[in-house]
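The values are calculated or read from the model by the stated rules, or taken from the named source; none is laboratory data. This one's a predicted model, so the numbers in the text were calculated from it and none came from an experiment. Cβ placement follows ideal geometry from the backbone for every residue including glycine, while neighbour counts extend to all protein chains displayed.
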Amino acid sequence: MSCDPCQFCAHYSVEYDRNIGWSYDCDVDAEDLKPCPGFTPRLASDGLFEQLFNEEEAEYYKREAE
């Protein structure tokens, strides 16, 4: 199984939309350049902050639904 180095880049994003499914995006304008000149390592804390934000948002919507 190969590992995509883009998933560890701060410029890479993955979003889910109920209508279209998964959307993968990169905000660096580099076409098929390997290694990518815009690669910026994603900090480990970025994932933690994103997870905390998602949990807080889920709690907010849960309270609003009650």
Those residues that are at pLDDT below 80 and surrounded by 10 or more Cβ atoms within 10 Å (Cβ to Cβ), I need them from the stretch 12-36; list them, please. 27, 28, 30, 33, 36
Could you tell me whether any residue of the stretch 37-52 is in a loop (DSSP other than H, G, I, E, B), modelled with pLDDT of 80 or more and among the hydrophobic types (A, V, I, L, M, F, W, C)? no
Here's a check for you: in the stretch 7-31, which residue that is assigned to a strand (DSSP E or B) and of a type in the set (D, E, K, R) is nearest to residue 54 (Cα to Cα)? 15
Filtering the stretch 18-31 down to residues that are in contact with a strand residue (DSSP E or B) (Cβ under 6 Å, 6 or more places away or on another chain) and without any contact (Cβ under 8 Å) to a residue 12 or more places away in the chain yields 22, 23
